[in-house]
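Enquirer: Here's a structure for you.
The values are calculated or read from the model by the stated rules, or taken from the named source; none is laboratory data. The model shown is predicted, which means the values in this text are computed figures rather than measured ones. FYI the Cβ positions are ideal-geometry reconstructions off the backbone, even for glycines, and counts take in every protein chain you see. For accessibility, only protein heavy atoms count, side chains too; no ligands or nucleic acids. Shrake-Rupley method; radii C 1.70, N 1.55, O 1.52, S 1.80 Å.
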Amino acid sequence: DVPGTLTVEAPDGSRRSIAAFYNGGLDGEEDPMDDLMLCSQVFPRLEFLALDPYWTGGTVSDQWKADAGTPWFGPLPLRLSPSQVLGNVTVDLPGDADAYPVWTITGPGVPIIQNVTTGRGFEFRGDAPIDAGRTVTIDTRPDRLTVLDDLGNDLYASLEPFPDMWSLEPGANELQVELTGSTPDSQAAFSADVRWQAGW
């Protein structure tokens, strides 16, 4: 079985969703007059079971692109020195629960990605760079934890041992992205779903 998606929409049009399994509560009582009289029915004990108790609503994202001779600070996309895509950016995470980024790195280069605020980070081994033209997706979500290239190859072993697939914390997060051995074709980006304790 796979879960369905339960979505709550606020009056301003914003939405929050959660993946959940139906558990019960739709079994209403029926009598012969219902077909003639019943226009609506209340289900006060509707129950769902969610494996992750947090709702998602909204995303945060950022991207970096190597560009020779251009400072990294400025309008998006951030443009960094091609010798090593290196830059610091502060990401303000709304919500009230940790969020798990999905990273997309386009080679060539050796990624080193850190959350300076929490002191956590992960990196590729120096002898296992991402090749030119290859794109690697690093999914840090706890139910995924995958490192796959655009050909479907599993590159988890290319990471340094015991990688810390860190999360973003609510509030300000200072991120540092480094891509040693990069060229002007190298890129880095991430996106994360904002997570909430309640659906409204």
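Enquirer: Looking for something polar (S, T, N, Q) and at pLDDT below 95 - is there at least one such residue anywhere in segment 148-171?
Expert: There is no residue in segment 148-171 that is polar (S, T, N, Q) and at pLDDT below 95.
Enquirer: Now a separate question. Do we find that VAL147 is closer than 11 Å to THR106 by Cα and under 15 Å from the mean Cα position of the chain (by Cα) in this structure?
Expert: Spelling it out, it is not the case that VAL147 is closer than 11 Å to THR106 by Cα and under 15 Å from the mean Cα position of the chain (by Cα).
Enquirer: Follow-up. Among the residues of segment 152-186, count how many are closer than 17 Å to ASP139 by Cβ, touching a residue at least 40 places away in the same chain (Cβ under 8 Å) and either open to solvent by 60 Å² or more (accessible area, probe 1.4 Å) or not in a strand (DSSP E or B) (or both).
Expert: The number of residues fulfilling the criteria is 5.
Enquirer: Condition first: within 19 Å of the chain's Cα centre (by Cα) and either of a type in the set (Ser, Thr, Tyr) or farther than 18 Å from GLY121 by Cβ (or both). Now tell me which residues in segment 157-200 satisfy that.
Expert: The answer is SER167, PRO170, GLY171, GLN187, SER191, ASP193, VAL194, ARG195, TRP196, GLN197, ALA198, GLY199.
Enquirer: When you look at ALA192, is it surrounded by 16 or more Cβ atoms within 10 Å (Cβ to Cβ) and touching a residue at least 60 places away in the same chain (Cβ under 8 Å), yes or no?
Expert: yes
Enquirer: Next question, about the same structure. Cβ-Cβ under 9 Å, sequence separation 6+ or interchain: first residue in segment 107-120 and farther than 17 Å from VAL91 by Cβ and open to solvent by 20 Å² or more (accessible area, probe 1.4 Å), partner in a loop (DSSP other than H, G, I, E, B) and among the β-branched types (Val, Ile, Thr). Which pairs?
Expert: Matching pairs, first to second residue: PRO108/THR183.
Enquirer: Of all residues in segment 39-80, how many are among the aromatic types (Phe, Trp, Tyr) and at pLDDT below 70? Please lay out each step first, then the result.
Expert: The first filter runs over segment 39-80 and keeps only residues among the aromatic types (Phe, Trp, Tyr), leaving 43, 48, 54-55, 64, 72-73.
Pick out the ones that are also at pLDDT below 70 and you get 72-73.
Looking only at that region, the number is 2.
Enquirer: Out of GLY126, GLY95, I need the residue that is in a loop (DSSP other than H, G, I, E, B) and surrounded by fewer than 16 Cβ atoms within 10 Å (Cβ to Cβ). Which one?
Expert: GLY126
Enquirer: Got a number for residues in segment 129-142 being in contact with a Phe, Trp or Tyr (Cβ under 9 Å, 6 or more places away or on another chain) and open to solvent by 50 Å² or more (accessible area, probe 1.4 Å)? So that I can check it myself, show each step before the final result.
Expert: The initial filter retains those residues of segment 129-142 that are in contact with a Phe, Trp or Tyr (Cβ under 9 Å, 6 or more places away or on another chain), namely 130, 136-142.
The next check asks that each one be open to solvent by 50 Å² or more (accessible area, probe 1.4 Å); those that pass are 137, 141-142.
The qualifying residues number 3.
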